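Just below is one structure, and these are the notes that go with it.
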Amino acid sequence: MAEIVVVSDQQSAGELSAQIMVDLIERTPDAVLGLATGSTPLALYRALAARVADIGLDVSRVRGFALDEYVGLPEGHPESYRSVITREVVEPLGLTPALIHVPNGSLDGIEHAGPDYEEALTAAGGVDVQVLGIGTDGHIGFNEPGSSFASATRVKTLTEQTRRDNARFFASEADVPMHCITQGLGTILRARHLLLLAFGEGKADAVAGAVEGPVSASNPGSAIQLHPHATVIVDEAAASRLQNLAYYRYAYANKPAWQTL
Ligand code: GLP
C-alpha cells in the first residue's frame, strides 16, 4: 500500500516533499530526480529552492528527467515542458541545465524520441525519486486511461478532458497540442520511489481511484499500487474520498521513528 500523508495545505506538502529531496541529495549528490509539471508540484519546487539556498546544498551534480512533453510546439514555447521545467525547477534551484532531460517533442525525429529517452534513463541508472501529479481522469505523466502498465516512453494522443484541463495555459483549447510524448507507466514504475502529490476537491476521485480503486489500466494512477515504495501527500480536500482515511492518519501518526518517508 502507498503511504498516505494528509497535510493541512500545499505549503506543508511542499516542505515535507522538499525534505525527502534534500535527504536524497545529501546522500547522493548526483541523484536522479523525476520531474513533473503542472501546478501541483510547484509547492515542492518552491520549498526545495528555499531549502537549497538556506542550507547551501550543492545541487550542481543533480540530474533530472521530466515525465513528459507536448509534441510539435515550437522550440522555446513558454508552455513547452522544457520551458516550464527550466523556469520552475532548473533556474530557481540552480541545477546544471545540461544534466536535465526532457523528452524531445519536436516533430523532427519524433519516431525515435521515445526509445532515445528510455536509453538515456537507463544510462543514468534510473530515477531515484519520481514526483507525480495526477490528472482529474487519473492520468499520471500523460498516460491517459487505457495505458498499459508495461508502457515505455512513447507518443500518445491527449484526451479531450486533458486538453480542456490544460487549456488554461494556452490562448485557447484549440492551441493545446493533440499529441504528447510521455514516460510510460512501466517507466514510472521503475523509479525507486514514487512521490505523488494532489491538492483540492477536484482531485479527490482521482486520488481515491489511484490509492484504493481496482488496479486497472482504465485508471492509470492505480499503477502506484504495484510499487513497493509510493508516498502520496495530499491535502484534506484531495483526501476526502478515501475510504480508509482514518487508518492512514493513524498509521502516519504511529509511524516508527526509524522509518523515513
Ligand atoms: C498534466 C501533466 C501531468 C500533471 C497533470 C495535472 O497533464 N502532464 O503530469 O500531473 O497535468 O496537472 P495539475 O497539477 O496542474 O493539476
- Around Thr159: net Lys/Arg minus Asp/Glu count, Cβ-Cβ under 11 Å: -1
- Query: Residues of the chain: accessible area per residue at 1.4 Å, in Å²?
  - Reply: 44 Å²
- Query: Once the chain is represented by equal point scatterers at the alpha-carbon sites, with solvent omitted, what log10 I(q)/I(0) does the Debye formula produce at q = 0.07, 0.09, 0.15 Å⁻¹?
  - Reply: -0.22, -0.36, -1.09
- Query: Under a Cβ-Cβ cut-off of 14 Å, what is the net charge of the residues other than Gly202 that fall near it, where Lys and Arg count +1 and Asp and Glu count -1?
  - Reply: -2
- Cβ-Cβ cut-off under 14 Å around Ser106, Lys and Arg +1, Asp and Glu -1: the net charge is -4
- Message: Could you report the accessible area of Met178 in Å², rounded to 10, computed with a 1.4 Å probe on the protein chains as they sit in the structure?
- Response: 90 Å²
- Sulfur and carbon atoms: percent of accessible area, the chain [1.4 Å]: 53 percent
- Task: Could you tell me what percent of the DSSP beta bridges with both partners in the chain are antiparallel, to the nearest 5?
- Result: 30 percent
- Query: Summing -39500 (n - 2.57) over the DSSP H runs of n ≥ 4 in the chain and dividing by its residue number, what mean residue ellipticity at 222 nm do you reach, to the nearest 500 deg cm²/dmol?
  - Reply: -9500 deg cm²/dmol
- Message: Explain nothing, just the number: dipole magnitude of region 100-212 about its Cα centre with +1 on each Lys and Arg Cβ and -1 on each Asp and Glu Cβ, in debye rounded to the nearest 20.
- Response: 180 debye
- Task: Quote the FRET efficiency, to the nearest 0.05, computed for Ala253 versus Glu79 with a Förster distance R0 of 41 Å and r equal to the Cβ-Cβ distance.
- Result: 0.50
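The values are calculated or read from the model by the stated rules, or taken from the named source; none is laboratory data. Note that this is a predicted model, so its numbers are computed, not measured. Because the Cβ atoms are built from the backbone with ideal geometry, glycine has one as well, and the counts that use them run over all protein chains shown. To get the accessible areas, we keep the full protein, side chains included, count just its heavy atoms, and leave off ligands, DNA and RNA. Shrake-Rupley method; radii C 1.70, N 1.55, O 1.52, S 1.80 Å.
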